[in-house]
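Here the structure comes first, spelled out in structure tokens, and everything after it is commentary.
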Amino acid sequence: MNDVTEPVSATLAERAKRALGKRNLVFIGLMGAGKSAIGRLTAQALGIPFVDSDHEIERVSRMTISDLFAAYGEEEFRALEARVLKRLLRSGPRVVSTGGGAYINERSRRQIKRGGLTIWLNAELDVLWERVNKRDTRPLLKTENPKQTLENLMRARYPIYAEADLVVVSRDVKKETMVEEVLAAIADHQKA
Ligand SMILES: Nc1ncnc2c1ncn2[C@@H]1O[C@H](COP(=O)(O)OP(=O)(O)OP(=O)(O)O)[C@@H](O)[C@H]1O
Ligand SMILES: O=C(O)C1=C[C@@H](O)[C@@H](O)[C@H](O)C1
Ligand SMILES: [Mg+2]
């Protein structure tokens, strides 16, 4: 089985890499969609660097996202996120995984659109909820009814995420399957 699938995957990765060219590949989507996990694996498959904006924000501020929200509020966090993204997007090709709210912020969205090919990991509420309810590191979900909050965020944000160049449905399949679908979406897209 492996003898058959591996060369096919390699070819797919090469095709995707050619289609991406010098552009960045930017993952967008809600918390738990898999931007960080699938982004990292996609970068490995493409053989290009991976960066994660949440991780980079925590590194430069030397604070956790939760502490940043608590100390400075969401508006300041968004301003820092936009600055960090601008820097991360400056040179490509890279895979850039963004925080869930980055593409919703107008300034960051403009930068992301200019900075690369965007891919939305679109997931249903129950898939997201199963993944995010295990940890309490997401400040926006520290509410009385976090599942309802997540649903409200979906309603508000999905029309905006839908502006992405590419969409892949995130669900409970192997991460490798997700990566293959991401690579196929890049390889097959027709945009310059
Ligand atoms: N296809 C998948 N199948 C099973 N688990 C997955 C899959 N994709 C991601 N996960 C898991 O779901 C959790 C959330 O994924 P991840 O942290 O990548 O989400 P995210 O989109 O980066 O969220 P955030 O916006 O909060 O950073 C992780 O534990 C990850 O390993
Ligand atoms: O969806 C959001 O607005 C967020 C998602 C996370 O990735 C973090 O960037 C932060 O918790 C905010
Ligand atoms: Mg993430």
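The values are calculated or read from the model by the stated rules, or taken from the named source; none is laboratory data. Quick caveat, the model's predicted, so the values are computed rather than measured. For neighbour counting, all protein chains shown are included, and Cβ atoms are generated from backbone atoms with ideal geometry for every residue, glycine included.
Every listed requirement among (1) within 20 Å of Val132 (Cβ to Cβ); (2) within 13 Å of ligand 2 (Cβ to nearest atom); (3) not aromatic (Phe, Trp, Tyr) is met by Glu56 save one, (1).
Give me the pairs: first residue in segment 120-133 and in a loop (DSSP other than H, G, I, E, B), second residue of a type in the set (D, E, K, R), beta-carbon distance under 8 Å, and six or more apart or on different chains, which are they? What qualifies is Ala123/Arg171; Glu124/Arg171; Asn133/Lys147. Based on this model, can you work out whether Ala79 counts as farther than 30 Å from Val173 by Cα, touching a residue at least 60 places away in the same chain (Cβ under 8 Å) and within 15 Å of ligand 2 (Cβ to nearest atom)? No; evaluated as a whole, the condition is false for this residue. Tallying residues that are over 22 Å from Thr143 (Cβ atoms) and crowded, with 16+ Cβ neighbours inside 10 Å within segment 59-75 yields 1. Looking at Gly34, Gly29, just one residue is in contact with a helix residue (DSSP H, G or I) (Cβ under 6 Å, 6 or more places away or on another chain), within 12 Å of ligand 2 (Cβ to nearest atom), modelled with pLDDT of 95 or more and on the phi > 0 side of the Ramachandran plot, and that residue is Gly29. Looking across segment 101-110, the residues that are assigned to a helix (DSSP H, G or I) and not basic (Lys, Arg) come down to Ala102, Tyr103, Ile104, Glu106, Ser108. Scanning segment 134-153 for residues that are part of a loop (DSSP other than H, G, I, E, B) and out of contact with any Gly (no Cβ under 9 Å at 6 or more places or on another chain) returns Lys134, Arg135, Asp136, Thr137, Lys142, Thr143, Glu144, Asn145. Restricting Val127, Val60 to residues that are closer than 27 Å to Glu151 by Cβ and modelled with pLDDT of 95 or more narrows the list to Val127.
Of the residues Ser91, Ser170, the single one that is free of Cβ contacts under 8 Å to residues at least 12 places away in the same chain, small (Gly, Ala, Ser) and either loosely packed, with under 15 Cβ neighbours inside 10 Å or out of contact with any Asp or Glu (no Cβ under 8 Å at 6 or more places or on another chain) (or both) is Ser91. Within segment 157-192, the set of residues being within 16 Å of ligand 2 (Cβ to nearest atom) and more than 15 Å from Ala33 (Cβ to Cβ) comprises just one member, Pro159.
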